[in-house]
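The values are calculated or read from the model by the stated rules, or taken from the named source; none is laboratory data. Small disclaimer: the values here were computed from a predicted structure and weren't measured. Using ideal geometry, Cβ is built from the backbone for each residue, glycine included, and neighbour counts are taken over all protein chains shown. Remember, those area values only see protein heavy atoms, side chains included, never the ligands or the DNA or RNA. Shrake-Rupley method; radii C 1.70, N 1.55, O 1.52, S 1.80 Å.
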Amino acid sequence: MTTRTTTRAGLGVGTAPSFSARLAAEAAGTFILVFGVIGAAIFGAGFDAGRGGLNIGFLGVALALGLSVFAGASVFGPVSGGHFNPAVTISMALARRLPWRHVGPYIVAQIVGGVVASSILVLIAALGPSGFLASARASGFASTGWGPLSPGDFSLPAAFIVETVTTCVLVWVVLGVTRPAARAASAPLSIGLTLTLVALVAIPISNGSFNPARSIATAIFGGQIALEQLWLSIVAPILGAVIGSFIPGLPRKSGDPTSANAASEANGNNSAA
């Protein structure tokens, strides 16, 4: 897909990113997200083990998630919209800010970026202390779920509800701060802080995902239980995205779906977010 010259809110006159560049941005942003939050969960939140290290706990992992998304969205938001999450991509399509034909490629790019990040984390863990990787995998490799995968041993219904509601809240914020009237520069911070907030609620219950790409990236290394429970971390966030996309008062057909660029979709340019 070739680039084109356009006028966009916040960018002025310039060359729009190609579709391949947008997909690369989604993969890179999801890589940062998974590398940051799962790395913090595995190496920071569970590190002490009698060695005198600092255990950052739930708060540290929640902050790692917010900071990862803030960093990724700040860099890649103007390129792809900074979704880094299939649930957000679906919500953008439902809100008519992203062509449906772009949803599949975006989601594939996000899953690829997440899996690359988790694979590198596995390699690092394998090069760590004896038994470290085996212990991380035995505990689910920071996968989301209920029962044995829930830090608080919460039930399936509790995990399903919290993943649905937190994703819904996330989508409300994303659609709100990326509307044309919003300040584009503040969107990454608003979204990052929202993720930190919902993670503080969800981590003790479901281990906090609200992101199918992040859940897939960890489940493939988390063992049989993580794979068996993966459906929850796909279905619940998508349900939350659907609910959140139809909240009254949020603008629809509001322009280019990127977080920083708001005009071309309404003009029929069909650019990706």
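Remarks
- The set of residues in the range 174-200 that are closer than 20 Å to G66 by Cβ and open to solvent by 60 Å² or more (accessible area, probe 1.4 Å) comprises R183, A185, L189, L193, L197, L200.
- Any hit, the range 172-185, residues being part of a helix (DSSP H, G or I) and among the basic types (K, R): no
- Members of the range 56-65 that are surrounded by 23 or more Cβ atoms within 10 Å (Cβ to Cβ) and within 9 Å of L195 (Cα to Cα): A62, L65
- Restricting attention to the range 122-139, the residues that are assigned to a helix (DSSP H, G or I), without any contact (Cβ under 8 Å) to a residue 60 or more places away in the chain and open to solvent by 80 Å² or more (accessible area, probe 1.4 Å) total 1.
- In summary, D256 fulfils each of the numbered conditions (1) at pLDDT 95 or above; (2) over 15 Å from the mean Cα position of the chain (by Cα); (3) closer than 16 Å to A93 by Cβ with the single exception of condition (1).
- Which numbered condition A142 misses (of (1) open to solvent by less than 50 Å² (accessible area, probe 1.4 Å); (2) modelled with pLDDT of 95 or more): (2)
- Test: residue in the range 202-215 that is closer than 21 Å to I107 by Cβ, out of contact with any strand residue (DSSP E or B) (no Cβ under 8 Å at 6 or more places or on another chain) and open to solvent by 20 Å² or more (accessible area, probe 1.4 Å): no
- Residues of the range 30-44 that turn out to be free of Cβ contacts under 8 Å to residues at least 40 places away in the same chain and either closer than 13 Å to S143 by Cα or buried (at least 20 other Cβ atoms within 10 Å of the Cβ) (or both), as a count: 2
- Scan of the range 216-231 for residues that are open to solvent by 40 Å² or more (accessible area, probe 1.4 Å), in a helix (DSSP H, G or I) and either of a type outside the set (D, E) or in contact with a strand residue (DSSP E or B) (Cβ under 7 Å, 6 or more places away or on another chain) (or both), ordered by number: Q224, I225, L227, W231
- Pairs with Cβ under 9 Å, 6+ apart, first in the range 154-173 and open to solvent by 50 Å² or more (accessible area, probe 1.4 Å), second of a type in the set (D, E): none
- Residue in the range 87-103 that is under 21 Å from I203 (Cα atoms) and either touching a residue at least 60 places away in the same chain (Cβ under 8 Å) or not β-branched (V, I, T) (or both) present: yes
- Residue match in the range 84-105 (condition: among the β-branched types (V, I, T), at pLDDT 95 or above and closer than 22 Å to F221 by Cβ): no
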